[in-house]
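The values are calculated or read from the model by the stated rules, or taken from the named source; none is laboratory data. Owing to the predicted nature of the structure, the values given are computational and were not obtained by experimental measurement. Cβ: placed from backbone, ideal geometry, glycine included. Neighbour counts: every protein chain shown.
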Amino acid sequence: MSSIKRMGMVLIVAVLFIALAAPLFANGTKDSSAAKSEKIFIPMISKGFQHQFWQTVMKGAKDAAAKYNVEMTFEGPPTEADIQPQVQMLVNAMAKNPSAICLAALDTNSVMDQLNEAVRRHIPIIGFDSGVPNAPKGAIYATAATNSYVAAGLAAQKMFPVIKDKIVAATASNPVTIVDFNQDATSQSVTDRGKGFRDMMIKLIETEANRSASDIKVVGNPAYIASDSPTKGSAIILDMQVPASPKDTDATNTAQAILNRVSSDNIVGIFCSNEGTARAVLTSSNDGSSLPTEYPGLVVIGFDAGKAQKAAVRSKYFFGAITQDPYMIGYDAMEMAYKAVKGEPVSDMDTGAKFYDSTNMDDADMVDLLYD
């Protein structure tokens, strides 16, 4: 082969090499389309947007997303009664080919098709807050949430000593009533709280007030009456209340009806199992200011925080409240979603809960948990 032909072959090979290698070495990195394809996208779909709780969850998630360079979105339906809008949000998120999804389901049955699709497409789902109970096997990799059952039990432990004497003195002719006020009978976190308060209160009545199950009667919404709940007593009534819907107007109507019965039913305590029910009681009592004057001796314990509820606790209109750590719920959920995408093992995380009242709500270890 002549030197001219050999030189021509070398030039052709060099041109081909440059053409093939250029996309890989432009600007010293892979081309922009390849880099873009590696971007991790994780949508986060909450149960609502109307409570300050969800805003704090979002803040935690955003901080975790920034740490791990994750592209994220955060959305939720207008209220926790809007199941179908949440389903559509999940459908839309699935259509964007997410790397993973963080989900707090309002109703697992309503999103069953999407959960099965996620399993088929190997899209990790991380539950948060109430999580996704009864999901298909393999759909939920882990959940970041408060142990709601235990947290509500803490509320019962704090309320009981204050009303113990009235429980001890209760008779069939002069009964006492304790109201367990729950936003709905479908959300796992809410139902766990209602049942946790119920069970701990029954335990304390039996062990600390020396009353028997035959003295206790659990009444109200059937979803909150277990097969082994005492239902024959007439001295101590545990009234499991649920409004017609989780909407604020229905919750407020139920709260007003409860307050109207304080005197006639000798209601000594009310446990509000979330921010919505606590706000309903506040709305029905002039932001709580009428509680000590119109319902003296009534012990109200809330759940979560928010400006109105914190003000009621600070003013001692509410005896206190249970706070979760919504920031860590969001942060841990997003962090676990990222790790699941990377193939790292993840497991359920209890993000914790504490009781706060007017005496400790300004303590250093409590302030960060009391979101507005």
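Structure values in brief
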item	result
Some residue of the stretch 44-57 being surrounded by fewer than 16 Cβ atoms within 10 Å (Cβ to Cβ) and out of contact with any Ser or Thr (no Cβ under 7 Å at 6 or more places or on another chain)	no
The stretch 116-130, subset buried (at least 23 other Cβ atoms within 10 Å of the Cβ) and outside any helix (DSSP H, G or I), residue modelled with the lowest pLDDT	SER130
Verdict on ASN147 being surrounded by fewer than 24 Cβ atoms within 10 Å (Cβ to Cβ), in contact (Cβ under 8 Å) with a residue 40 or more places away in the chain and on the phi > 0 side of the Ramachandran plot	no
Residue list for the stretch 101-120, filter: under 23 Å from TYR338 (Cα atoms) and without any contact (Cβ under 8 Å) to a residue 24 or more places away in the chain	ASN116, GLU117, VAL119, ARG120
Residue ranges of strands (runs of 3 or more DSSP E) in the stretch 134-246 with at least 2 members closer than 30 Å to ALA340 by Cα and not charged (D, E, K, R)	140-145
Candidate set: the stretch 273-291, residues that are in contact (Cβ under 8 Å) with a residue 12 or more places away in the chain and either part of a loop (DSSP other than H, G, I, E, B) or of a type in the set (Asp, Glu) (or both); chosen: the one surrounded by the most Cβ atoms within 10 Å (Cβ to Cβ)	SER273
Qualifying residue in the stretch 127-139 (condition: in contact (Cβ under 8 Å) with a residue 40 or more places away in the chain, polar (S, T, N, Q) and closer than 30 Å to CYS272 by Cα)	yes
Inter-residue pairs, beta-carbon under 6 Å, first at pLDDT 95 or above and in the stretch 55-84, second among the acidic types (Asp, Glu), 6+ apart	ALA64/GLU335; ILE83/ASP107
Members of the stretch 74-102 that are in a loop (DSSP other than H, G, I, E, B) and over 17 Å from ALA333 (Cα atoms)	PRO77, PRO78, THR79, GLU80, ALA81, ASP82, LYS96, ASN97
Test: residue in the stretch 255-272 that is assigned to a loop (DSSP other than H, G, I, E, B), in contact (Cβ under 8 Å) with a residue 60 or more places away in the chain and buried (at least 18 other Cβ atoms within 10 Å of the Cβ)	no
Exclusive hit being in the same structural domain as ILE167 (by TED's automatic domain parsing), under 30 Å from ILE83 (Cα atoms) and at pLDDT 95 or above, set ALA278, ALA305	ALA278
Single condition GLN183 does not satisfy, out of (1) in contact with an Asp or Glu (Cβ under 9 Å, 6 or more places away or on another chain); (2) among the polar types (S, T, N, Q); (3) surrounded by fewer than 17 Cβ atoms within 10 Å (Cβ to Cβ); (4) closer than 29 Å to ALA81 by Cβ	(3)
Hits in the stretch 47-78 - residues which are farther than 23 Å from LYS342 by Cβ and either over 15 Å from the mean Cα position of the chain (by Cα) or of a type in the set (D, E, K, R) (or both)	LYS47, LYS59, GLU75, PRO78
Every pair of residues 6+ apart whose Cβ atoms lie under 6 Å, when the first sits in the stretch 214-234 and is under 16 Å from MET201 (Cα atoms) and not assigned by TED's automatic domain parsing to the domain that holds VAL168 while the second is modelled with pLDDT under 95 and assigned to a helix (DSSP H, G or I)	none
Counted residues, the stretch 168-184 - those being out of contact with any strand residue (DSSP E or B) (no Cβ under 9 Å at 6 or more places or on another chain) and not polar (S, T, N, Q)	3
